[in-house]
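Engineer: Below are the structure tokens for one structure; questions will follow.
Quick note: the coordinates plus some simple rules give every number you see, no bench work behind them. Every value quoted in this text rests on a predicted model; they were computed, and no experiment measured them. Note that we place each Cβ from the backbone using ideal geometry, even for glycine, and neighbour counts take in every protein chain shown.
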Amino acid sequence: MEFFFDWFRVLYDETGINLPFLYDSYDRNRMVNGFLTTIWLSLVCLFFSVIIGVIGAWLQGSSFKWTRRIVNGYIQIFRNTPPLVQLYFFYFAIGTLLPKVENDWGGQSPLLGSFAWAAISLSFFAGAFNVEIFRSGIEAVPKSTVEAAEALGFSKLMIYRDITLPLAFRVVLPALNNNLVNLVKTTTLAYAIAVPEMLYEANQIWSDNVNVTEMMIFLLLAYFALVGVLVSGMNRWERAMKIPGYG
Amino acid sequence: MSWSPSEPMVSIKDVHKSFGDLKVLNGVSLDVMKGDVICIIGPSGSGKSTLIRCVNALNDIQQGSILVEGQEVNDLHLNKLELRKKVGMVFQQYNLFPHKTALQNVMMAPVRVLKHDKVEAEATARALLKKVRLEGKEAAFPGELSGGQQQRVAIARSLAMQPDVMLFDEVTAALDPETVGEVLQTIKDLAEDGMTCILVTHEMGFAREIADHVYFTDRGVIVEHGPPETFFKDAKDPRTREFLSQIL
């Protein structure tokens, strides 16, 4: 392994192509942490945005007018404003309104850190799209199938969980796929509130080493690979969910 | 409410139903005794499907009363689960759950709704699929089955809830002619086992063979009814005669 890392130091000495996050253990740690933070932030946001989508789409079918209005209001606000503005709104507007807590060194820290705000903000952002995506899938489930479940005594919740949602899921996977890809790419916005994700760490490295070109190329390839893994996973899932003789 | 088998199992009294301005049922009354097989026939749009959909509260009614084993269906506080345990329904388009195998389709309601043990429910489901002559098709998805096979799975699925009365809503209307027979045979087996059945059908020959009583509906009212022997031979009402002459 050392040999591998050293090779990049030689590469730098011989050609001037500077990839310090490979040969320098300090920068390497920064890059690995950034990479892991990006993955963790993506996973957290993927999870919560899908949960928001599933619950929001269920609430949209509510018989209470105000429940539907609140969900629609949420969608409008988060779909029609820039995600960076949302992120700033959460971090700087809501974040400063919350009480401070004493930290381990006796100082005052905000209740929620930048990572938490990024996770909340991006989950709501992608969740708004997911609600609409799931709604389109739910509308594609034939009413007659739902009726058959009703006639068998299924409750509304059972119908949603056992019939509507599994069928809707299959319909919406391509659209969901798109939105989740967008979400992973949007995690780079967390840079703006100093979440130490991949872009932020890369910035630290190029500030120290003045190797902007190399870092930009690396970032592009790294995100390309990361999203590629997600897409191939989703495609695999799509194939696995295919029902013989259906659709 | 207490109910004894000497009373009608399903008692429909003066039922009125409209969809917006469109009056679909205009004062329909009929009684079904335990073990009876009744057939409702009539032109499309005469309200016959709506009528049986009202019996298990898939459609609500505006006026009148429907009693199923003494339980009033026209009730704002209707316990739908209680009602639907008693009433099974089979639809024209089968309406199977496409993401579940034949076996899972049959097992699902007993496990989820009745909270039956999975192993028991599976044994019952296998027996029911055998009863509708679908042994060997347990693992097939609905999309892999013919219309007639799907409809028989739907019948088994409904029977798995152990209903007291079965509603059949034009269950052969969407089938290829060669598979109609297998579905009708299944219903006939059920009727012979003593199941109370209410059928909406266009199969006149079948109605004549299986029904204890035939009802003819037109424009939301029952125009004429009687046992099949007299009903099909000497219908009194001109509308019935015209309809029968077009069909037979």
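Engineer: By how many degrees, between 0 and 90 and to the nearest 10, does the Cα long axis of helix A:114-139 differ from the longest principal axis of chain A?
Structural biologist: Rounded to the nearest ten degrees, it is 30.
Engineer: Under a straight-distance cross-link criterion of Cα-Cα below 16 Å, which lysines are reachable from A:Lys242, leaving out those fewer than 8 residues away in the same chain?
Structural biologist: Leaving aside lysines fewer than 8 places away in the same chain, those within reach of A:Lys242 are B:Lys100.
Engineer: Give a quick list of chymotrypsin sites (Phe, Trp or Tyr not before Pro) in the range A:48-131 that DSSP marks as loop, anything other than H, G, I, E or B, with at most 11 other Cβ atoms within 10 Å.
Structural biologist: A:Phe64, A:Trp105
Engineer: Roughly how big is the protein assembly as shown's charge dipole about its Cα centre, with Cβ charges of +1 (Lys, Arg) and -1 (Asp, Glu), in debye to the nearest 20? All intermediate terms of the calculation are to be shown ahead of the outcome.
Structural biologist: Working: 45 positive and 52 negative charges, 135 e Å.
Dipole about the Cα centre, nearest 20: 640 debye.
Engineer: Taking K and R as +1 and D and E as -1, what net charge do the other residues with C-beta under 13 Å from the C-beta of B:Asp234 add up to?
Structural biologist: So the surrounding residues net to 0.
Engineer: Next up: Suppose we keep just the DSSP beta bridges with both residues in the protein assembly as shown; what percent of those would be antiparallel, to 5? Walk me through the intermediate numbers first.
Structural biologist: Numbers: 23 of 40 bridges.
Bridges in the protein assembly as shown that DSSP calls antiparallel: roughly 60 percent.
Engineer: Hey, another quick one. Could you give me D for the protein assembly as shown, from Stokes-Einstein at 20 °C and 1.002 mPa s, where the hydrodynamic radius is the Kirkwood radius over C-alpha pairs? Units µm² s⁻¹, please.
Structural biologist: Once the numbers are plugged in, D ends up at 79 µm²/s.
Engineer: Something else about it: Using a Gaussian network model of chain A whose springs link C-alpha atoms within less than 10 Å, name the residue from A:Ala175, A:Ala93, A:Ala202 with the highest mean-square fluctuation.
Structural biologist: In this elastic network of chain A, the residue with the biggest mean-square fluctuation among A:Ala175, A:Ala93, A:Ala202 is A:Ala93.
Engineer: Next up: State which entries of B:Lys34/B:Lys233; B:Lys17/B:Lys48; B:Lys23/B:Lys236; B:Lys80/B:Lys118 exceed 19 angstrom in Cα-Cα distance in the structure shown.
Structural biologist: The pairs that break the limit, which is 19 Å between Cα atoms, are B:Lys34/B:Lys233; B:Lys23/B:Lys236; B:Lys80/B:Lys118.
Engineer: Related question: Throw me the Rg/Rh for the range A:181-224, computed over C-alpha atoms with Kirkwood Rh, two decimals. Numbers along the way, then the final one.
Structural biologist: Working: Rg = 10.5 Å, Rh = 10.8 Å.
That ratio is 0.98, to two decimals.
Engineer: To the nearest 20 Debye, how big is the dipole of the range A:2-240 about its Cα centre, given +1 on the beta carbon of each Lys and Arg and -1 on that of each Asp and Glu?
Structural biologist: Computed charge dipole of the range A:2-240: roughly 1380 debye.
Engineer: I want to verify a result. In a Gaussian network model of chain B, Cα cutoff 10 Å, which of these has the top mean-square fluctuation: B:Ser65, B:Ser146, B:Ser49?
Structural biologist: In this elastic network of chain B, the residue with the biggest mean-square fluctuation among B:Ser65, B:Ser146, B:Ser49 is B:Ser146.
Engineer: Further, regarding this structure: Would you look at the GNM of chain B, springs on alpha carbons closer than 10 Å, and say which of B:Phe232, B:Phe141, B:Phe19 moves the most?
Structural biologist: B:Phe19
Engineer: Take every residue in peptide A:149-162, count the Cβ atoms of other chains within 10 Å of its Cβ, and give the average of those counts. Working shown, then result.
Structural biologist: Working: counts 6, 6, 20, 17, 17, 7, 4, 0, 0, 4, 1, 0, 1, 6.
That average works out to 6.
Engineer: Give me the dipole magnitude in Debye, nearest 20, for the range A:149-247 about the Cα centre, with unit charges on the beta carbon: positive for Lys and Arg, negative for Asp and Glu.
Structural biologist: 560
Engineer: Something else about it: Any idea which of A:Leu220, A:Ala148, A:Asn130 is furthest toward the positive side of the dipole for chain A, if Lys and Arg beta-carbons carry +1 and Asp and Glu beta-carbons -1?
Structural biologist: Towards the positive end, the residue furthest out is A:Ala148.
Engineer: Angle, helix B:177-192 long axis vs. longest principal axis of chain B, Cα atoms, 0 to 90°, nearest 10?
Structural biologist: Once rounded, one gets 90 degrees.
Engineer: With runs of 4+ DSSP H residues as the only contributors, calculate the mean residue ellipticity of the protein assembly as shown at 222 nm using -39,500 (n - 2.57) per run, divided by the residue total and rounded to the nearest 500.
Structural biologist: Using -39500 (n - 2.57) per qualifying helix, the result is -17000 deg cm²/dmol.
Engineer: While we're here: With a sphere of radius 12 Å drawn around the Cβ of B:His99, what net charge do the other residues whose Cβ falls strictly inside it have (Lys, Arg +1; Asp, Glu -1)?
Structural biologist: Counting the neighbours of B:His99, the net charge comes to +2.
Engineer: Just going by the charge dipole of the protein assembly as shown, with Lys and Arg at +1 and Asp and Glu at -1 on Cβ, which of A:Gly107, A:Ser63, A:Val181 is farthest out on the positive end?
Structural biologist: Working it through, the farthest residue towards the positive pole turns out to be A:Ser63.
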